[in-house]
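Below is one structure, written out as structure tokens; the observations come after it.
The values are calculated or read from the model by the stated rules, or taken from the named source; none is laboratory data. Values in this document were obtained by computation on a predicted structure and should not be read as measured data. Note: ideal-geometry Cβ built from the backbone for every residue, glycine included; neighbour counts use all protein chains shown. Side chains are part of the model used for accessible areas, which takes the heavy atoms of the whole protein and leaves out ligands, DNA and RNA. Shrake-Rupley method; radii C 1.70, N 1.55, O 1.52, S 1.80 Å.
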Amino acid sequence: MDIILASGSPRRRELLSRAQLEFTVISVDIDETPYQHESPKDYILRMVAAKAEAATVELNRQLKNNDAQSNKSIISQPIILLTSDTIGVLPDGKTVLVKPNNREDAYHMWQQMSDSTHEVWTAVQATQLSLPSKHLDKFDTEQVWKTINQQQIIERTEVTFVALTKEMMSEYWDSGEPADKAGGYGIQGLGAAWVNRINGSYTNVVGLPLAQTLALIKEMTNTATL
Ligand SMILES: Cc1cn([C@H]2C[C@H](O)[C@@H](COP(=O)(O)OP(=O)(O)OP(=O)(O)O)O2)c(=O)[nH]c1=O
């Protein structure tokens, strides 16, 4: 089974590469704005599903281009497509923390995270795609990747921050690190200085719960219907 990581996150690529797995990467770009009053669970599962949908559209676009160029049926192994999304969740269990829009947005998030414990949730969706081979398709319709199985997991880690001062926030925002990260921090970077303790998976906080993702891939591979 070929594995495709549909993500533009350099952290996710780096984490998955630590599993010594062969995989390819495609980027997807979707609107990640939460709906009003959307629960953290509904939001994060909607995100991984939407990213998988966008990646499938991209794979079919590539397939169509290949067909046009090579004009031969492409019989390929099923694919396991991985998509992921990471958010912060405040102690109220309702407030979703995504990437900060600007400095003020980051400060607003951090004031609620200072000297307290929030959660970081990462959802992973594994989607098994299959490609009916042309010669089996008597109607000779256009080949498209079809979803034949999908599974989603959500991993949660508690993260306890130190008490934050305005000066700490200002310096951190100026570093540029917060901008592309949920909750506006990177535990793997300068953000480590803000973390008193975590309870749960570290890789989950960075953006891909690696052990759980590998277990998901293994389960999907073992139950794959060819
Ligand atoms: C909390 C935390 C988040 N992050 C990152 C992981 C994700 O890249 C990012 C959350 O944004 P996401 O929307 O989950 O992911 P992304 O937009 O970076 O990539 P893609 O959607 O293409 O997969 O925050 C860290 O790098 N360190 C951390 O400590």
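Largest mean-square fluctuation among R46, R11, R197, in a Gaussian network model of the chain whose springs join Cα atoms under 10 Å apart, belongs to R197. When peptides 160-169, 174-183, 18-27, 115-124 are sorted by average Cβ neighbour count within 10 Å, with the highest value leading, the order is 115-124, 174-183, 160-169, 18-27. The orientation-averaged projected area of the convex hull spanned by the Cα atoms of the range 2-225 comes to 13.7 nm².
Coordinate range of the alpha-carbon atoms in the range 6-53 per principal axis, descending: 40, 17, 16 Å. For G186, the residues 5 or more places off, or on other chains, whose built amide H falls under 5 Å of its own are G191. For the range 2-225, a crude dipole built from +1 on the beta carbon of Lys and Arg and -1 on the beta carbon of Asp and Glu, taken about the Cα centre, is about 580 debye to the nearest 20. In this simple spin-label model, placing a label point 7 Å from the Cα along the Cα-to-Cβ direction at both E177 and N222 gives a separation of 3.9 nm.
Rounded to the nearest 0.05, the FRET efficiency derived from the C-beta distance between T165 and T33 at R0 = 25 Å is 0.25. Under the criterion of Cα pairs below 8 Å and six or more residues apart, the relative contact order for the range 2-135 equals 30 percent. Contact order for the range 2-225, expressed relative to its length and based on alpha carbon pairs under 8 Å spaced 6+ residues apart, stands at 22 percent.
Between V28 and S7, G8, the built amide H atoms are under 5 Å apart, and every one of these is 5 or more places off in sequence or on another chain. Which FRET efficiency value, to the nearest 0.05, do you get for E22 and D92 by plugging their Cβ-Cβ distance into 1/(1 + (r/R0)^6) with R0 = 35 Å? After rounding, the FRET efficiency stands at 0.25.
Dipole of the range 152-194 computed with +1 at Lys/Arg Cβ and -1 at Asp/Glu Cβ about the Cα centre; of W173, L190, I153, farthest Cα towards the positive end is I153. Charges were assigned to the Cβ only: +1 to each Lys and Arg, -1 to each Asp and Glu. The resulting dipole of the range 166-226 about its Cα centre is roughly 280 debye.
Thinking of the range 113-213 as a set of Cα atoms, what percent of all their pairs are more than 19 Å apart? Every Cα pair in the range 113-213 considered, those over 19 Å come to 56 percent. Applied to the range 24-36, the Karplus parametrisation 6.51 cos²θ - 1.76 cosθ + 1.60 on θ = phi - 60° returns per-residue 3J(HN,Hα) values of 10, 10, 10, 9, 10, 10, 10, 7, 9, 6, x, 5, 5 Hz, with x for Gly and Pro. Working note: Karplus 6.51/-1.76/1.60 with θ = phi - 60° gives the range 166-174 the couplings 4, 5, 4, 5, 5, 5, 5, 4, 5 Hz, where Gly and Pro are set to x. For A193 and K41, the difference between the fully extended length at 0.36 nm per residue and the C-alpha to C-alpha distance is 51.9 nm. Counting only residues 5 or more places away or on other chains, whose amide H sits under 5 Å from the amide H of N149 once H atoms are built in the peptide plane? Distant-sequence amide H within range of N149: Q128.
Take the range 2-225 with all the other protein chains still there, run a 1.4 Å probe, and you get 51 Å² of accessible area per residue.
Per atom type, the chain shows carbon and sulfur on 49% of its accessible surface, probed at 1.4 Å.
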